[in-house]
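One structure is given here, and the rest of the page talks about it.
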Amino acid sequence: MKLVGHLRKALAAPASGEAGEENRLTSARVSEVFRLHGTASAIVPEDSALSGIIVRLADDPSLRGVFLVDKQGRLSGTLSRVGLLRWAHLQLFRGRGRHRASVSEFFGIINADKVKDVARGDPGSLSVRENETLQAALDRMIDHEEDVLPVLNSQGQIVGDLRLSEVLQFMLMKGRWSQEKSQGGV
């Protein structure tokens, strides 16, 4: 996640050659960026069988995230790669060598049969709104060590995902690096 931190600093830094003009990168909104590569995440009902999601993730390595929705179609949680790693480790090795899980958490993960049993809650901190700044999105990615976040509309419904690759693409298209690259700089 050091790269995300570097990008955050770069977005906040004033761009050369843009004196008197607001920097397009620092004022960018999530809505300008999150559709550059399409969606790479699955949106599933929160009561979905965990086994079905595991099969889907194993069969499609391009999936970057799993977002859970409630009956109203609003985000209720995310299944992160770290969550899946913990689940796999506990399933395979019953936590040997890892002492971070409490007893209740251990049995909760071991006995999980629905995707919501291993997902992270708190949709507000694990998502971004379309109208939020790109800096706010990068801050959230860093804080939660995620490189993909669900993007929500004003009703709290998922309209896509924002990935680090899209932020990088946006920077190349709109940022100062596009000029440097064409001049042989970076």
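Values as computed for the structure displayed
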quantity: Subset of region 115-139 that is among the basic types (Lys, Arg) and modelled with pLDDT of 85 or more - its residue that is nearest to VAL55 (Cα to Cα); calculated: LYS116
quantity: Hits in region 38-49 - residues which are among the hydrophobic types (A, V, I, L, M, F, W, C) and either crowded, with 18+ Cβ neighbours inside 10 Å or assigned to a strand (DSSP E or B) (or both); calculated: ALA42, ILE43, VAL44, ALA49
quantity: Test set (1) aliphatic (A, V, I, L, M); (2) at pLDDT below 90; (3) part of a helix (DSSP H, G or I) - ILE142 fails condition number; calculated: (2)
quantity: Selection within region 128-145 - surrounded by fewer than 22 Cβ atoms within 10 Å (Cβ to Cβ) and either acidic (Asp, Glu) or within 18 Å of VAL66 (Cα to Cα) (or both); calculated: ARG129, GLU130, GLU132, ASP139, ARG140, ASP143, HIS144, GLU145
quantity: Enumeration of residues in region 32-90 that are in contact with a strand residue (DSSP E or B) (Cβ under 7 Å, 6 or more places away or on another chain) and hydroxyl-bearing (Ser, Thr, Tyr); calculated: THR39, SER41, SER48, SER76, THR78, SER80
quantity: Whichever residue in region 50-79 is closer than 12 Å to LYS116 by Cα and touching a helix residue (DSSP H, G or I) at 6+ places or on another chain (Cβ under 8 Å) and, among such residues, is surrounded by the fewest Cβ atoms within 10 Å (Cβ to Cβ); calculated: LEU50
quantity: Filtered residue count, region 55-91, keeping only those that are at pLDDT 90 or above, assigned to a helix (DSSP H, G or I) and of a type outside the set (Asp, Glu); calculated: 2
quantity: Number of positions in region 42-61 that are closer than 15 Å to SER76 by Cα and among the polar types (S, T, N, Q); calculated: 1
quantity: Test: residue in region 30-37 that is outside any loop (DSSP other than H, G, I, E, B), charged (D, E, K, R) and at pLDDT 85 or above; calculated: yes
quantity: Filtered residue count, region 147-170, keeping only those that are farther than 22 Å from GLY73 by Cα and not small (Gly, Ala, Ser); calculated: 7
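The values are calculated or read from the model by the stated rules, or taken from the named source; none is laboratory data. Since we're looking at a predicted model, the values are computed, not measured. All Cβ positions, glycine included, derive from the backbone under ideal geometry; neighbour counts span all protein chains shown.
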